[in-house]
Amino acid sequence: WKGTVDDSLAAQSAKTFWQSLDKDYRVRHCGEGDSREEATDRLACRIETAIKKCKIQLMEVKKRAFKEGGVKAVPRERLCLLNSEGGDLLPGDSEDEKGFGRRRLVAFFPEKRLENISPLGEDLCSFLYASDVWDFEPHAWPTADLFCDTMVAVAGQGGIVHFAGHCDEEGTLCWVRDREGQENEPLAASTMVTVMKKAVKSGAVVCVVLNACESLSLGERLRKDAEVPHVVCWRGEVGATRAAKFALTFYKSLESSPEEYFVSRREKGDSKEKAADRLARRIKAAVVACKGTLLLAKEG
């Protein structure tokens, strides 16, 4: 577990885990004729599937908590799997019980505390929590250290990173006053580029969404210097209502064809390159559905 977990939630996850694992956990390599390595691979697959079912269960818990009490009521803990392949399950490469994977979406909102999130931000959270497509993880505005720690934690998960807030012409993501009048420190463009470059190399990020005014210069640096495969950003100023509508349209469009967007390379036999091309097409289609946005894709 990452973070503090409630006793009842831990017990519920443990029950789900062992029930899932028990289905063919007892297969012996001597009885089936499998080698020790093949039996080990089978066990690894069963453990991954059991963890995945626990995560699906936890997502349902978070959805109910959000519906009943808003962002403040949502549990912050995460269930993690550490293995020889380097860490947690890849949402884009696995499939849940409905037949397609969940794409990791890490979002940073401009408020200093998440419970002070604006009504427009709350609408986006409500949509993403209610969806069966997104493995959604919202955060309040981070310090440079917290931002770095968050990106390290999602290594290998091929996720989308979303920023809501303000940006100046130099590419600095700026602070805002939240509903309590508190301000946040800015996140410098150089910090963004340094952290994102490492995140791309670790497989943590496939797309960055800068839902902020004047974010074109930062988007260009993330494409050129950090080599983020896809960056969605704004040229010029954009109002809060319009930006919020864009975000909803963008993520609704991305999830409209899950059988295409979340295809499993393991199941379909696609190469990483083909899977990347498919993702590029989905992002471009989502941006086309959001007039006034600019996509900086691999073609430049």
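The values are calculated or read from the model by the stated rules, or taken from the named source; none is laboratory data. Worth saying up front: this structure is predicted, and the values here are computed from it rather than measured. Cβ atoms come from the backbone with ideal geometry, glycine included; neighbour counts cover every protein chain shown. Calculation scope for accessible area: heavy atoms of the full protein, side chains included, ligands and nucleic acids excluded. Shrake-Rupley method; radii C 1.70, N 1.55, O 1.52, S 1.80 Å.
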Item to complete: Of the numbered conditions (1) in a helix (DSSP H, G or I); (2) modelled with pLDDT under 75, residue 62 fails exactly one; give the number of that condition.
Response: (2)
Item to complete: Of the numbered conditions (1) more than 17 Å from residue 144 (Cβ to Cβ); (2) modelled with pLDDT of 90 or more; (3) hydrophobic (A, V, I, L, M, F, W, C); (4) in contact with a Gly (Cβ under 6 Å, 6 or more places away or on another chain), residue 189 fails exactly one; give the number of that condition.
Response: (1)
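Each row is one residue, and each column tells you yes or no for (1) modelled with pLDDT of 80 or more; (2) more than 17 Å from residue 208 (Cα to Cα); (3) open to solvent by less than 10 Å² (accessible area, probe 1.4 Å); (4) touching a strand residue (DSSP E or B) at 6+ places or on another chain (Cβ under 8 Å).
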position	(1), (2), (3), (4)
91	no, no, no, yes
95	no, yes, no, no
105	yes, no, yes, yes
111	yes, yes, no, no
119	yes, yes, no, no
123	yes, yes, no, no
127	yes, yes, no, no
132	no, yes, no, no
Worksheet, complete the sentence: Taking first residues from region 1-23 that are more than 18 Å from residue 44 (Cα to Cα) and second residues anywhere that are open to solvent by 90 Å² or more (accessible area, probe 1.4 Å), the pairs with Cβ under 6 Å that are 6 or more apart or on different chains are 3/76
Worksheet item: Which ones in region 182-230 are of a type in the set (Gly, Ala, Ser), part of a helix (DSSP H, G or I) and surrounded by 18 or more Cβ atoms within 10 Å (Cβ to Cβ)?
Response: 189, 199, 219
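How many residues does region 99-147 hold that are in a strand (DSSP E or B) and among the hydrophobic types (A, V, I, L, M, F, W, C)?
So the answer is 6.
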